[in-house]
């Protein structure tokens, strides 16, 4: 390869390709064509005189040199973001990653947050896959389960409860009562192997003998949709099922739980915009802790409260 002075803007495309694992995934992340990703990668490799990724039918694989370059590139990426924030003090983007099902309780409070903190551009993303904070996929994340990474700062917010639910369409075929500890003879919505450790999957493993698993899902939103269609019983997070009037909770008991924490990289935890978002997240979760925890709703009680959020502390 012919070497030259690299255009460090091309580094963004290398980082995106390494994180996504495919050119198309990197293109979606950056909002460009996949051909642009390939062209900018090739330009960076030509300038450096070495290959950073190998391309194949399954996507891209980072070369040994590319793996050595990754942490340096991420450091440069964070430095550029910090320089940009200093040069443009009027705005500061903070990216918050949420588990599936949490977006609605934050979306309804975004207008209040923007009014209280007009200088912060808060971006929300959601999904079942935990984002990689160390590699810059987000600045903060609400995380379900134990946080074992010692490089991250974790603050426990509440506990998420799971229970057993069915749609009215399913109950027309299988009238109540249904014993959650003996699901024999029932159709059940199961879990993809990636979710084998969640409370719902563990409950089905312990109590699902004799039941028929009709499908397996990798996203809780898919489980809710399948349950609403009457496909089968679902052991799922209470906060996802409780607001849906077509879902019937079959037991007041909490069948499983795990902690809900807010995590961030240690080096950004003291930045003022990040602290403001931490206060926002803490207030929203606190306001919905009963729903997240799975406390049975009292007769006549409707959705979530909308108390003002105090971001001044």
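Scanning the range 117-157 for residues that are surrounded by fewer than 17 Cβ atoms within 10 Å (Cβ to Cβ) and more than 27 Å from residue 80 (Cβ to Cβ), which turns out modelled with the lowest pLDDT? Among residues in the range 117-157 that are surrounded by fewer than 17 Cβ atoms within 10 Å (Cβ to Cβ) and more than 27 Å from residue 80 (Cβ to Cβ), the one modelled with the lowest pLDDT is 148. Scanning the range 85-95 turns up one or more residues that are surrounded by 13 or more Cβ atoms within 10 Å (Cβ to Cβ), at pLDDT below 85, part of a helix (DSSP H, G or I) and more than 15 Å from the chain's Cα centre (by Cα).
With the condition kept exactly as written, say whether any residue in the range 172-190 is under 23 Å from the mean Cα position of the chain (by Cα) and buried (at least 18 other Cβ atoms within 10 Å of the Cβ). Walk me through how you get there before you give the answer.
Residues of the range 172-190 that are under 23 Å from the mean Cα position of the chain (by Cα), as a first pass: 189-190.
If we keep only those that are buried (at least 18 other Cβ atoms within 10 Å of the Cβ) too, we end up with 189-190.
Checking the range 172-190: at least one residue is under 23 Å from the mean Cα position of the chain (by Cα) and buried (at least 18 other Cβ atoms within 10 Å of the Cβ).
For the range 1-78, the helices (runs of 4 or more DSSP H) that sit wholly inside it and include 1 or more residues that are under 22 Å from residue 133 (Cβ atoms), out of contact with any strand residue (DSSP E or B) (no Cβ under 7 Å at 6 or more places or on another chain) and not assigned by TED's automatic domain parsing to the domain that holds residue 130 are 11-20, 23-30. Criterion first (in the same structural domain as residue 119 (by TED's automatic domain parsing) and within 30 Å of residue 75 (Cβ to Cβ)) does residue 265 satisfy it? Yes, satisfied. Out of everything in the range 220-244 that is touching a residue at least 24 places away in the same chain (Cβ under 8 Å) and in a loop (DSSP other than H, G, I, E, B), what residue ends up being surrounded by the most Cβ atoms within 10 Å (Cβ to Cβ)? Step by step, filter the range 220-244, then rank; the result is 232. Of the strands (runs of 3 or more DSSP E) contained entirely in the range 111-214, those carrying at least 3 residues that are in the same structural domain as residue 100 (by TED's automatic domain parsing) and either in contact with a helix residue (DSSP H, G or I) (Cβ under 9 Å, 6 or more places away or on another chain) or without any contact (Cβ under 8 Å) to a residue 12 or more places away in the chain (or both) fall at 120-126, 152-167, 187-191. Note on the range 245-290: among residues that are outside any helix (DSSP H, G or I) and within 17 Å of the chain's Cα centre (by Cα), the one that is surrounded by the fewest Cβ atoms within 10 Å (Cβ to Cβ) is 259.
The values are calculated or read from the model by the stated rules, or taken from the named source; none is laboratory data. Just so you know, these numbers come straight off a predicted model, no measurement behind them. Note that we place each Cβ from the backbone using ideal geometry, even for glycine, and neighbour counts take in every protein chain shown.
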